[in-house]
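Peer 1: Quick one: the structure is below, questions incoming.
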């Protein structure tokens, strides 16, 4: 059995993403993310569309504000989901092949600022967009950053280097005078 597919594109403002998630033999889809204790937390998805199973714009019914129900079959669910604090995560009941595309405003290459769940393959393109690919995974987790966060990290690092120099120079001078 091959893995299902999920494709995510983060918006340039970093507050939301556009998702297309494949579901097989399903009759409902829950819009949730994982909470701090691992529990599913529902969210309100926007621009929800359902395609597949012989229809291009299939009908579905809302159950509350975070679940849709439809006739059992194979579908693709497209929706807009929220991102907070530059942190994206998704959990699946079965293995998925996941593609996540970051716009040029964001990056994941600095390990001090970013975090990527295991098994990721990161590709940075000439237009500065980034694609992260996971194959056959049940969960993905990604923390990304913008250039302002990277500049703050360098400023913070330089500040501590200066402090270290200021504190070490007197010690080195006194150690040389003793010899």
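Nothing in this text is a laboratory measurement; each read-out follows from the coordinates by a stated rule. Keep in mind that this is a model prediction, so the values were computed, not measured. Here the Cβ is made from the backbone with ideal geometry for all residues, glycine too, and neighbour counts use every protein chain on show.
Peer 1: Listing 86, 135 from the residue with the fewest other Cβ atoms within 10 Å to the one with the most, what is the order?
Peer 2: Fewest-to-most Cβ neighbours within 10 Å comes out as 135, 86.
Peer 1: Calculated FRET efficiency, residue 167 and residue 128, Cβ-Cβ r, R0 41 Å, to nearest 0.05?
Peer 2: With a Förster radius of 41 Å, E is 0.60.
Peer 1: Please list 90-97, 115-122, 164-171, 37-44 highest first by mean number of surrounding beta-carbon atoms within 10 Å per residue.
Peer 2: 90-97, 115-122, 37-44, 164-171
Peer 1: If you fit an axis through the alpha-carbon atoms of helix 147-178 and take the longest principal axis of the Cα set of the chain, what angle between them do you get, 0 to 90°, nearest 10?
Peer 2: 20 degrees
Peer 1: Is the C-alpha gyration tensor of segment 64-144 telling us rounded, prolate or oblate? Criteria: a/c under 1.5 is rounded; beyond that, a/b larger than b/c is prolate, otherwise oblate.
Peer 2: Prolate, since a/c reaches 1.5 and a/b exceeds b/c.
Peer 1: Another question about this same structure. Once the mean 1/r over all distinct Cα pairs of segment 58-105 is inverted, what Kirkwood radius in angstroms do you read off?
Peer 2: In segment 58-105 this quantity evaluates to 14.0 Å.
Peer 1: So what is Rg over Rh here for segment 4-145, counting just Cα atoms and using Kirkwood for Rh?
Peer 2: We get a ratio of 0.97 for segment 4-145.
Peer 1: Further question on the same structure: Full extension from residue 97 to residue 121: what is 0.36 nm times the residue separation minus their Cα-Cα distance, to one decimal in nm?
Peer 2: 7.5 nm
Peer 1: Pairs of alpha-carbon atoms within less than 8 angstrom and 6+ residues apart define the contacts here; what relative contact order does the chain have, in percent?
Peer 2: 22 percent
Peer 1: Relative contact order of segment 1-106: what whole-number percent is it, with Cα pairs under 8 angstrom and at least 6 residues apart?
Peer 2: That works out to 40 percent.
Peer 1: Distance in nm between label sites at residue 176 and residue 80, each 7 Å beyond Cα in the beta-carbon direction?
Peer 2: The two pseudo-label positions are separated by 6.3 nm.
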